[in-house]
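*Asks:* Below: one structure in structure tokens.
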Amino acid sequence: MGNERGNGAALLPIGVFLVIFLGSGIITGDFYAMPAIVAFLIALMIAFLQNRGLSFEEKISVISKGVGDENIITMSLIFLSAGAFSGAVTAAGGVESTVNLGLSILPAKVAVVGLFVIGCFISVSMGTSMGTIAALAPIAVGISEKTGFSLAVCIGAVVCGAMFGDNLSMISDTTIAAVKTQGCQMKDKFRENFFIVLPAAIITIVIFFFITRNGDFKLAEELSCNIWRVLPYVLVLVGALIGINVFLVLISGTVISLIVGVATGSLAVGDMFSAVGEGVTGMYDITVISIVVACIVSLVKEFGGIQFILNLIKKSIKGQKGGEVGIAGLSLLVDMCTANNTVAIVMAGPIAKEISDEFEISPRRSASLLDIFTSVGQGMIPYGAQLLSAASLTGLTPFAIMPYLFYPILMAISAVVFILFRKAK
């Protein structure tokens, strides 16, 4: 295990990944030139070459435990379930009908804003940003095609909405982890969290409205819409709103999509399983990447890389506001290293608790900051599951989407203003 002083050199694999992945894209002008999985495998090789104090077999044991973590398994299953739903609902004609219905009702100027707002509701209800992205990404593609708005803008609105609920939902694993590690009540953390991020959400709506205000498409033909094909999305939304488990919501949505597709004649009985299979296959890349990232993070943690970051933050703290800034910075850095905000909260939570106790920061405030800033990092890093998933579902690169991730940036600004100007509790 890494000693208590930590080891900055253990962060080398993450640095290597960023240099290779970003460097190849900048040099070639094509961020697909270096597949993310290849860059991650090189980083994993670097991690294996470090720390000669452990044998190869011991390192295999370390990464096996990391990959077997409950959060990693859950995330991988969500990926596959989301892929199954996406494949089934698309094959059943649900995406096209939902897009056509939305465009028939919503003016072009608010179509992208609508994606963000709907994303906020779904993510708060489902408690998962990944499920939200999987459900809305196909609709974002359809709206982009019909309106002429950039696909990057449309999917950016979806990711922003997904990150809104990722740190607010009471059934989100990040919220649960933050509350448990800081020792506060869920309702108190929600109230504290909500008023911090509300200004960011409102400004995000204004920005998306402003940049799409000139949209004025005219329908070249009447948009057909079969309300039955919209049903799977409605049921997924309703199920999310009443707090049904994300797996049950996605699996039920998949089954209902297949039934509706067959009943309306848009999907042959013999094609049902292939439709689901294609959707699941489309999520293989992101699932494998998540597993490899878990391997890298396990070795980085074992060699003392995470402890190094924790110690660095803790040494720089002075005063109560400094303590809050320290929790924010700690959360952000650990998330950037782990690429998983739940894992980051679990790892940084005990240190954040020490900081909050030492500088008399209320548990609900430390829990809010912990959850917010891990979500800020998770919503912006190009190698995080959210952006990788959004990119894989739309054919874009994470870097094409990043310029439109207004909400995570505004959430960070709002939280910093909150730290600097609000009275301590």
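The values are calculated or read from the model by the stated rules, or taken from the named source; none is laboratory data. The structure displayed is predicted, hence computed values, not measured ones. Quick reminder, even Gly has a Cβ in these numbers, built from the backbone with ideal geometry, and neighbours come from all protein chains shown. Keep in mind that these areas ignore ligands, DNA and RNA; they rest on the heavy atoms of the full protein, side chains included. Shrake-Rupley method; radii C 1.70, N 1.55, O 1.52, S 1.80 Å.
*Asks:* Among the residues of the stretch 26-51, write down those that are open to solvent by 60 Å² or more (accessible area, probe 1.4 Å) and either at pLDDT below 75 or in contact with a His (Cβ under 6 Å, 6 or more places away or on another chain) (or both).
*Replies:* ILE26, THR28, GLY29, ASP30, TYR32
*Asks:* Quick one: in the stretch 123-135, which of the residues that are open to solvent by 10 Å² or more (accessible area, probe 1.4 Å) and part of a helix (DSSP H, G or I) is nearest to SER290 (Cα to Cα)?
*Replies:* Among those that are open to solvent by 10 Å² or more (accessible area, probe 1.4 Å) and part of a helix (DSSP H, G or I), it is MET130.
*Asks:* Tally up the residues in the stretch 212-241 that are touching a helix residue (DSSP H, G or I) at 6+ places or on another chain (Cβ under 7 Å), modelled with pLDDT of 75 or more and either part of a helix (DSSP H, G or I) or open to solvent by 60 Å² or more (accessible area, probe 1.4 Å) (or both), please.
*Replies:* Let us first name the residues in the stretch 212-241 that are touching a helix residue (DSSP H, G or I) at 6+ places or on another chain (Cβ under 7 Å), namely 212-213, 215-217, 223-226, 228-233, 235-237, 239-241.
With the extra rule that they be modelled with pLDDT of 75 or more, the set shrinks to 212-213, 226, 228-232, 235.
Among the residues that remain, those that are also either part of a helix (DSSP H, G or I) or open to solvent by 60 Å² or more (accessible area, probe 1.4 Å) (or both) are: 213, 228-232, 235.
Number of matching residues: 7.
*Asks:* Pairs only if they're at least six apart or on different chains, beta carbon under 6 angstrom, first in the stretch 61-85 and of a type outside the set (A, V, I, L, M), second outside any helix (DSSP H, G or I) and at pLDDT 75 or above; list them, first residue then second.
*Replies:* GLY83/GLY282
*Asks:* Quick one: ASP166 ticks every box in (1) open to solvent by 20 Å² or more (accessible area, probe 1.4 Å); (2) within 19 Å of the chain's Cα centre (by Cα); (3) among the charged types (D, E, K, R) bar one, so which box is it?
*Replies:* Of (1) open to solvent by 20 Å² or more (accessible area, probe 1.4 Å); (2) within 19 Å of the chain's Cα centre (by Cα); (3) among the charged types (D, E, K, R), only one is false for ASP166: (1).
*Asks:* Okay, moving on. Working only within the stretch 113-131, note down all residues that are polar (S, T, N, Q) and at pLDDT 80 or above.
*Replies:* Taking the stretch 113-131 first, the residues polar (S, T, N, Q) are 123, 125, 128-129.
If the condition is that a residue be polar (S, T, N, Q) and at pLDDT 80 or above, then SER129 is the only one that fits.
*Asks:* Restrict the check to the stretch 8-15 and report whether at least one residue is among the β-branched types (Val, Ile, Thr), at pLDDT below 85 and under 16 Å from VAL300 (Cβ atoms). Please lay out each step first, then the result.
*Replies:* At the first step, the residues of the stretch 8-15 found to be among the β-branched types (Val, Ile, Thr) are 14.
Right, trim to at pLDDT below 85 and you get 14.
In the following step, the residues that additionally are under 16 Å from VAL300 (Cβ atoms) were identified as 14.
Yes, there is a match, as at least one residue in the stretch 8-15 is among the β-branched types (Val, Ile, Thr), at pLDDT below 85 and under 16 Å from VAL300 (Cβ atoms).
*Asks:* Right, another one. Suppose we keep only residues that are of a type in the set (A, V, I, L, M, F, W, C), part of a loop (DSSP other than H, G, I, E, B) and under 14 Å from the mean Cα position of the chain (by Cα) within the stretch 359-404. Which one would you say is nearest to ARG422 (Cα to Cα)?
*Replies:* Quick first cut of the stretch 359-404, residues of a type in the set (A, V, I, L, M, F, W, C) only: 359, 361, 367, 369-370, 372-373, 376, 380-381, 385, 387-388, 390-391, 393, 396, 399-402.
Those still in the list that are part of a loop (DSSP other than H, G, I, E, B) too: 359, 361, 380-381, 396.
Next, from what is left, pick out any that are under 14 Å from the mean Cα position of the chain (by Cα): 380-381.
Details: MET380: 26, ILE381: 28 Å.
Ranking the qualifying residues of the stretch 359-404, first place goes to MET380.
*Asks:* Quick check on my filter: what residues within the stretch 405-425 are of a type outside the set (Lys, Arg) and either within 12 Å of the chain's Cα centre (by Cα) or not in a helix (DSSP H, G or I) (or both)? Before the answer, list the steps.
*Replies:* Residues of the stretch 405-425 that are of a type outside the set (Lys, Arg), as a first pass: 405-421, 424.
Selection gives LEU405, PRO408, ALA424.
*Asks:* Inside the stretch 364-403, can you point out the residues that are of a type in the set (Phe, Trp, Tyr) and surrounded by fewer than 24 Cβ atoms within 10 Å (Cβ to Cβ)? It would help to see each step written out before you state the result.
*Replies:* Filtering the stretch 364-403 for residues of a type in the set (Phe, Trp, Tyr) gives 373, 383, 399.
Within the stretch 364-403, TYR383, PHE399 meet the criteria.
*Asks:* State all residues of the stretch 301-333 that are over 15 Å from LEU11 (Cβ atoms) and of a type in the set (D, E, K, R); if no residue qualifies, say none.
*Replies:* LYS314, LYS315, LYS318, LYS321, GLU324 - these are the residues of the stretch 301-333 that are over 15 Å from LEU11 (Cβ atoms) and of a type in the set (D, E, K, R).
*Asks:* Could you list, in sequence order, all residues of the stretch 62-93 that are in contact with a Ser or Thr (Cβ under 6 Å, 6 or more places away or on another chain), assigned to a helix (DSSP H, G or I) and modelled with pLDDT of 75 or more?
*Replies:* VAL62, ILE63, GLY66, SER76, ALA84, PHE85, ALA88, VAL89
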